[in-house]
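Right, one structure below, let's go through it.
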Amino acid sequence: MEEETEEDENLPPGEEQGMRDSLLGGAPEGVPVPAEVPSHGGREKEVRSRVPEGGFGWVVALAATWCSGSIFGIQNSFGILYVILQKEMDISEEQSKDFKTAWVGSLSMGMIFFCSPVVSIFTDRLGCRKTSSGGAALAFIGLLSSSFTNSLAVRYFTYGILFGCGSSFAFQPSLVILGHYFKKRLGLVNGIVAGCGGVFSVCFPFFIKTMGDSIGLAHTFQVLSIFMFVQIFLSLTFKPLLPRPVDVKEKENLAGRSKTRQCLAHTRKYFNMEVFWKKTYRIWACGIATTVLGYFVPYVHLIKFVKQRFENNSKEWILLVCIGAASSIGRLASGRIGDCIPGLKKIYLQVASFLLLGILSMMLPQCQVFESLIVVCLFLGLCDGFLISMMSPIAFELVGPMQASQAIGYVLGLMSIPMTAGPPLAGLLIDHFGTYDLAFYLAGIPPLVGALVLLSVPLLHERDLKMTEQLEAGKEKTQDGVVNGELLPGSPVTDARV
């Protein structure tokens, strides 16, 4: 195999779109491969029509599994770090302690989604290897620097911003690169990566709890940073096999323009807002954004709630293990179930998940025994897996394959704001009322409201399709010389047919 240039590391926009869909559970059958690509010498070279379907691709899949597992294993275990943060920083008597501490984890999780539209541009321009390695390095710096400070404000930046942004830049390319090595088995590989990555979410709560009790918070951050340090080198395996096609017309159009106009042209290309012209997409995106206001609240406050409700229980970390394990099962199962549901009716599966998520959040304060909490958390995890995995197929149905990538990027960006604000707002209520009950009750309302909003999307979508069909039928009749569906006496058409 000949040595590839830096330009070949860039991912074609069409292919990036297909792989972006796999990010949230969609499993496209393959990635469109261009028939030919102009070379640097002006000659055209053939692009391989087959991906290897294995071989070194399994090493790449292992690296992708380590990446997603490490990132979300740490993120979903923040409830453990939340308790250790308050304990080691000795802010038990400080006002608004829950509100202030919750911002650390909320910022980190929110930045993963907030950076998503920008990460796709970097992946397209720089390639998977550079983007993912740089993101892993940034996440490593964020975790390591968090160990050298006791300031909560500094950790907003080191853990919340640096680790969160780095996680986003490392994670997305790890899924994009899978399409370079798998085509027929792409769905299977995505399922393996999601399922095996979930093992990290199962193990990390116990792992972090043990380390926090034995070596302290600072050394815990240092140990966790090792996972991202390893990922820097694993990301070097993300070598692309599909070269980037050269858009000759685009180069010709931009050739005579100034740098400012070229920059504006590229901005319009990558930040195309056409998807928001569709009413059904706007409603769906707003419904999703409303729902996630209470989504991350249990991940942050559940452990502290258990410590307050069940003082003699030292197995609270099991709840996060249950959520992580059930979420992995839900993501694996939802792909198969979603394939059996035709068209936009897939959204009803997402609606059901949101309804259950809201009800289960409200049930948490009603649990009087620890075992009942385990059952609730198992169903919470299943809902989490189902609602996330359905986002990509639904975006395909709403805006079509050509705009699905941007549609997913924008909805992830919209999700970041309420997802970041939810846990701190819940912490504010906890600080004011001294109980977790009201926070969990209110956290269940946004999913219920969002589910009701999403119910209108399939109805509006079907209405729009019928109107489009009627307009097309009317145009065909008009072209045949029929006006408003009637044959007028004495008209040329009538006379001709008689």
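The values are calculated or read from the model by the stated rules, or taken from the named source; none is laboratory data. Every value quoted in this text rests on a predicted model; they were computed, and no experiment measured them. Glycine also receives a Cβ, built like all others from the backbone with ideal geometry; neighbour counts cover every protein chain displayed. When the accessible area is computed, the model is the full protein with side chains, heavy atoms only, and any ligands, DNA or RNA have been set aside. Shrake-Rupley method; radii C 1.70, N 1.55, O 1.52, S 1.80 Å.
Overview of results
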| quantity | calculated |
| --- | --- |
| Residue check for Val83: open to solvent by 20 Å² or more (accessible area, probe 1.4 Å), under 30 Å from Ala426 (Cβ atoms) and modelled with pLDDT of 80 or more | yes |
| All helices (runs of 4 or more DSSP H) inside segment 288-401 with 1 or more residues being without any contact (Cβ under 8 Å) to a residue 40 or more places away in the chain, over 20 Å from Gly198 (Cα atoms) and aliphatic (A, V, I, L, M) | 347-363 |
| Residue that is farthest from the chain's Cα centre (by Cα) [pool: residues in segment 103-130 that are β-branched (Val, Ile, Thr) and within 27 Å of Val154 (Cα to Cα)] | Val104 |
| Flag if Ser334 is touching a Ser or Thr at 6+ places or on another chain (Cβ under 6 Å) and surrounded by 19 or more Cβ atoms within 10 Å (Cβ to Cβ) | yes |
| Filtered residues of segment 212-223 (kept if in contact with a Ser or Thr (Cβ under 8 Å, 6 or more places away or on another chain) and more than 20 Å from Ile141 (Cβ to Cβ)) | Gly212 |
| Looking only at segment 40-78, and only at residues there that are modelled with pLDDT of 80 or more and either of a type in the set (S, T, N, Q) or touching a His at 6+ places or on another chain (Cβ under 7 Å) (or both), the one that is surrounded by the fewest Cβ atoms within 10 Å (Cβ to Cβ) | Gln75 |
| All positions within segment 135-168 that are open to solvent by 40 Å² or more (accessible area, probe 1.4 Å) and either among the charged types (D, E, K, R) or assigned to a helix (DSSP H, G or I) (or both) | Leu138, Phe140, Ile141, Leu144, Ala153, Val154, Tyr156, Phe157, Ile161 |
| Checklist (1) open to solvent by less than 40 Å² (accessible area, probe 1.4 Å); (2) under 26 Å from Leu459 (Cα atoms) applied to Lys278, failing item | (1) |
